[in-house]
1. Any idea what the dipole of region 245-295 comes to, in debye rounded to 20, about its Cα centre with Lys/Arg Cβ at +1 and Asp/Glu Cβ at -1?
2. Compute the length gained on full extension between residue 83 and residue 225: take 0.36 nm times their separation in residues and subtract their Cα-Cα distance, giving the result in nm to one decimal.
3. Going down the table (90/174; 138/160; 215/347), which pairs top 25 Å between alpha carbons?
4. Once you place label points 7 Å from the Cα toward the Cβ at residue 261 and residue 290, how far apart are they in nm?
5. For an R0 of 45 angstrom, estimate the FRET efficiency from the Cβ-Cβ distance between residue 181 and residue 277 and round to the nearest 0.05.
6. Let's test the formula: R0 of 30 Å, r as the Cβ-Cβ distance of residue 354 and residue 195. What FRET efficiency results, to the nearest 0.05?
7. Given a Förster distance of 30 angstrom, what is the FRET efficiency for residue 141 paired with residue 98, based on the Cβ-Cβ distance and rounded to 0.05?
8. Among 227-236, 191-200, 100-109, how do they line up from the highest to the lowest mean number of other beta-carbon atoms within 10 Å?
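Rule-based calculations on the coordinates, nothing more; no lab input. Everything numeric in this text was worked out from a predicted model, so none of it was measured. Cβ placement follows ideal geometry from the backbone for every residue including glycine, while neighbour counts extend to all protein chains displayed.
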Amino acid sequence: MSESTESQEIVKSMMNVEIIPSFPRESAKERGLFELSLADLATGGMALSSLAGTLGSLAQSATTAREQLFRIDWRGYSGSLAELKNDPGKYLTSVVGESGIVGQAGLVPADVAKAASAIDPYMLMLSAALAGIENQLKDIREISERIVDFLEEDKKASIKGNMNTLADIMNNYKHNVGNERYRSTRHQQVLDIRRDAEKDIEFYRSKAERNMSSKKTILTSSEVASKLTKLDGDFGNYQAALYLYGFSTFLEVMLLENFEEDYLTSVRTKLEKYSLSYKQLYTEASEYIESRSRSSVRAGLLGGVATAGKGLGRAFGSMPALKKSPMDELLTDGGNALEGIKDRLTKNDVKTLARRKDSCIAPFQNNIETVFAAFHKPMQVFADGEKILLRLNAD
């Protein structure tokens, strides 16, 4: 297929959209739709701003490849179109207001072929990707804040600086679509951060493995605490390295604007590999801390005292003169309480490490999935003159 023919096919497929005025916003999230403001899109450089204008002009009409085209005439009514009860996604001409149906809208035959053909399918797909990515920003910010909070002081400045650099590139990307100089300069920054992050991933993974390589099976409570502190630090730095690697890898995809299926698949595979590797090592570390905590000298002493307490309780209870004494109950309950303390101490050790459970790479995996869906899966586009709503079929 020639490049010209392929472009025509893409345009044809992108024209298979529904553009419905006054789409009920409250149901957008429930419908799994991503939302992108046309005003924000219009500030995204010449390429995206022209797309915003085209979509805005299409907001009063609908088009499909095989059916009659109509424009909705609201006839002065305010509200949204009534949806068929047993056929979601299909609408009647009834206009629904706050108190119910307020009237009937009219359908006017429309000819929007010329306007529809003006849509740049590449920019529409890129906008769909951006809309999905915007949906992840809150999670990305929260994870970065959580990572920095638990980092060692000497690491905070460097890692936070890199996080801020990547966040700035991401926030400004949509304003520089088509700006080759911007993308080239920022791409080099992203590569530098990713290279250092990948080194740190290997370094802190190996460091954590060494900290679990001790052949001693019984440790003192202070040794358990020392191991826990070291592992907590190792996994904290490991998390930060994965976060920076995932963020920079995703940004490289966007800056290169390489959305080829094979390339995106290779990126997805590597991110998944790093995520799985982290989770496996974390599980080993959690089990290591739990076993060492339970078998520590501290736990052994508490266990011995608990056993002795219950033994004394039974011994006193077996003496005829003390059959009705509360001594047995007191000592037995005391032994149970000490066992409970031992369990709680172990659980607290495991809980301390539990804050490192997340690999912190998931938001960027989701972003890559969004980009993949935007460029290689069918999508539905809704617009109302203010926003575009997109449904990406990622499954």
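1. Working: 6 positive and 9 negative charges, 86 e Å.
So the dipole magnitude of region 245-295 works out to roughly 420 debye.
2. Values: separation 142, 0.36 × 142 = 51.12 nm, distance 6.10 nm.
Fully extending the segment from residue 83 to residue 225 adds 45.0 nm.
3. Going by Cα-Cα distance, 90/174 fall outside the 25 Å limit.
4. Between residue 261 and residue 290, the label points sit 4.3 nm apart.
5. Numbers: r = 37 Å, r/R0 = 0.82.
Using R0 = 45 Å, I get an efficiency of 0.75.
6. 0.45
7. Details: r = 35 Å, r/R0 = 1.18.
Once the sixth-power term is evaluated, E becomes 0.25.
8. In decreasing order of mean packing, 227-236, 191-200, 100-109 become 227-236, 191-200, 100-109.
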